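Below is one structure, written out as structure tokens; the observations come after it.
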Amino acid sequence: MWQQHLAILPILIPLFTALLQLLPWGDRPQPKRRALGLASSILTLVFAALLLFNVNQQGMMVYALGDWPAPFGIVLVLDKLSALMILLTAVLALPVLVYGCYAEDNLGSHFHALFQFQVMGIIGAFATGDLFNLFVFFEVLLISSYGLMMHGGGKFRVRSTLHYVLLNLLGSALFLISVGTLYATTGTLNMADMAEKVAQLSGDEAALAKAGGFMLLAVFGIKAAILPLHFWLPQAYSTTTGVVAALFAIMTKVGVYSIIRVYTLIFGPEANELTWLAADWLWILGILTLIFGIIGMLGARDFRLLVAYLVIVSVGTLLATYSFSSVAGISTALFYLIHSTVITGALFLLADVMAFERGKTASRIVTGKRMANHNTYAIMFLVASIAIIGLPPLSGFAGKLMILEAAPVSTSGFWLWGTMLVATLVMLIMMSRTGSKMIWHTLQGKPNDQSAPMGKRVAIGVLLSLSLFLTIFANPVRDYTDAVAEQLLDTETYPNNIIPSRNGEGQYE
Amino acid sequence: MEALFSVTVGVLTACSVFLILRGRSFPVVVGITMLSYAVNLFLFSTGRLTIDGAPILGTNTEYADPLPQALVLTAIVIGFAMTAYSVILAVRTRGEIGTDEVNEQDSGESSR
């Protein structure tokens, strides 16, 4: 009986935890808030795993909020893609929160509540099947991210937060305009219903829907940081605290997820005049984003900035691969998405502890003192580099190999091969340079005596070991992402599962 | 009515874009607020403009689509909170950096 409510539990748990964490909790509130936060993250993880298992076994779950049936009420649609993304969020959030509990949360007030709201917003965005509800969850995650980005204060952080907030407010306005346009032409907000209505449009109406669709691409482009709209990302991610940046590793993926969802379901294979609306654009923008990321990496003089550009490179790779619009393309893109989210999260945390233990030189790529736990970080850096560059034996290698394999034998395929291999070479060069400067070329004399707590290293280690996990279980994971891609591309039966009146029952006619 | 409505939305949007492109945080915040008004009006019109229509089916031959009204309410609430936040943030940036230029790199670099 309770299983039917499984769909909404990963949203409700962080929500109620955050509300509880906002209570005063006496003189020393932090330990209680930490305990609540950790319990919530563990529970979310458990339920996200159960959800994935359930969806995989019994097919898509549709949860009608307030029991209003689909085209009229808001529904949560938990298909395989949503379940995968929710689990990924929960898997990333737990180690990041553990890391944050080592005094990172004392830098500003209400870190824990904001963290939980952020997780709730991200999971909600993955779960919803309604376009306006997607906007609302975007706002939830953005509002908490505005707070988190300010965490710790300092004037550079304040300014980059101002840029981030203003840009995203513009994005939200654009989101509303495009949702309005789509509603005006299709008369629905439910994504599955909209997909059917969009397929019936022609002439002027189709042109309007096209305008709405492209505006939506701009909105998701801001979130995903694709080429002309990415300028906020390097500054924002490199000035905020490491723990927040690590959590934000999933934020660009929310943009990527929304692009995959909207441009496969609504403007996908069945959309008649608007079939694969964004594919050509995503292809060009993806490759250009990749190239921009390469140039940015070459110019980065700070480890954290370098990781921020790695995020941009991964977004470019993902979108270019997705734009092939095939089962193999989408499946490999998702595999790479899991890998890159986890590893960039780990790298942000690693950059943060290394900056702390290096003292004055922080995360700048210059010769500095030895760190207190020098060897541990050296090994972690090596593992993370191997994974993110894509050298065997870790998951980056498997991911990149699959992408190269999935690229069609055509001009576009060759372009992807070329840029991706150049990107890999540049990553190799930059990570080697960073490693040699920060780890090998250290100053003579005794190491810095500031030592980060053990738990922080464990948290990073857990994230890194996920890469190993992803390598060992690459086959089942790939099978699952294949199933996700097949389900996504099966846009004929998909709406029938969501809208009850199409199911032969007909009671809502 | 449609012409008047669309001109209003258009002028509001144009003014807000002009303000957002300015280099100081105060005009930018005002511009974003104005843009949210334009967006709310635009959303309101997505259910088609009707006069004297109840948002309920069956009581009247003329009816108004209730959904855009609900959407506008949501958007107003969110937009209001965000305006408050961005004003506070702009004031704080002004206090911490000492200028309300959105993008002054030099003063930041030299005082480091």
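What to note about this one:
- Backbone amide hydrogens, once placed in the peptide plane, bring B:Arg24 within less than 5 Å of B:Val102, excluding anything fewer than 5 places away on its chain.
- C-alpha center-to-center spacing [region A:464-490, region A:291-366] in angstrom: 20
- Put in line by how crowded their Cβ is, counting other Cβ atoms within 10 Å and starting with the fewest, A:Arg457, A:Arg358, A:Arg28 read A:Arg28, A:Arg457, A:Arg358.
- When the helices of chain A are scored as -39500 (n - 2.57) per DSSP H run of n ≥ 4 and the total is divided over every residue, the value at 222 nm lands at -24000 deg cm²/dmol.
- In the structure shown, the pairs A:Lys360/A:Lys446; A:Lys223/A:Lys253; A:Lys197/A:Lys223; A:Lys253/A:Lys437 are assessed against 20 Å; a Cα-Cα span above that value is assigned to A:Lys197/A:Lys223; A:Lys253/A:Lys437.
- Residue-wise HN-Hα coupling along region A:194-209, computed from phi with Karplus coefficients 6.51, -1.76, 1.60 (Hz; x: Gly, Pro): 4, 4, 5, 5, 4, 5, 8, 6, 8, x, 4, 4, 5, 5, 4, 4
- Relative contact order [Cα under 8 Å, 6+ residues apart], region B:2-102, whole percent: 26
- Here the protein assembly as shown carries DSSP beta bridges of which approximately 90% are antiparallel, counting only pairs with both residues inside.
- Convex hull (Cα only) mean projected area of chain A, reported in nm² to one decimal: 23.1
- Taking every residue in B:67-73 and counting other chain Cβ atoms within 10 Å of its Cβ, the average works out to 3.
- Student exercise, chain A dipole from Lys, Arg, Asp, Glu Cβ charges, in Debye to nearest 20: 2740
- Using alpha-carbon coordinates, inclination of helix A:374-389 to the longest axis of chain A, degrees: 30
- Computed over neighbours whose Cβ is under 14 Å from that of B:Val91, the net charge equals +3, Lys and Arg +1, Asp and Glu -1.
- Relative to the dominant Cα principal axis of chain A, helix A:29-58 is inclined by about 50°.
- Applying a DSSP loop filter and a limit of 14 other Cβ atoms within 10 Å to the chymotrypsin sites (Phe, Trp or Tyr not before Pro) in region A:380-473 leaves A:Phe473.
- Packing-based exposure ordering (other Cβ within 10 Å, fewest first) of A:Leu347, A:Leu401, B:Leu89, A:Leu148: A:Leu401, B:Leu89, A:Leu148, A:Leu347
- Shielding score for A:161-172, defined as the mean number of other chain Cβ atoms within 10 Å: 6
- Virtual spin-label span in nm between A:Leu23 and A:Leu107, 7 Å along Cα→Cβ: 2.9
- Listed from fewest to most Cβ neighbours within 10 Å, the set B:Val77, A:Val307, B:Val28 follows the order B:Val77, B:Val28, A:Val307.
- For A:Lys80, the aspartates and glutamates whose Cα comes closer than 17 Å to its Cα, not counting residues fewer than 8 places off in the same chain, are A:Asp130, A:Asp479, A:Asp482, A:Glu486, A:Asp490, A:Glu492.
- Stretching the chain fully between A:Val458 and A:Trp276 yields a gain of 61.1 nm (0.36 nm per residue, less the alpha carbon separation).
- Within 10 Å of the Cβ of each residue in A:182-192, the mean number of Cβ atoms contributed by other protein chains is 2.
- For A:Leu464, the shell of other residues with beta-carbons less than 14 Å away shows a net charge of +2, using +1 for Lys and Arg and -1 for Asp and Glu.
- Tensor-based shape of region A:213-266 (alpha-carbon gyration tensor, a/c under 1.5 rounded, otherwise prolate or oblate): oblate
- Sequence-ordered 3J(HN,Hα) estimates for region A:344-361 from the Karplus curve with 6.51, -1.76 and 1.60 and θ = phi - 60° stand at 5, x, 4, 5, 4, 5, 4, 4, 5, 5, 5, 4, 5, 6, 7, x, 5, 6 Hz, glycine and proline given as x.
- Percentage relative contact order, chain A, counting C-alpha pairs under 8 Å, at least six apart: 15
Since every read-out is calculated from the coordinates, none of them should be taken as a lab result. Since the model is a prediction, treat every value here as computed from it, not as a measurement. In this analysis, Cβ positions are derived from the backbone assuming ideal geometry, glycine residues included, and neighbour counts consider all displayed protein chains.
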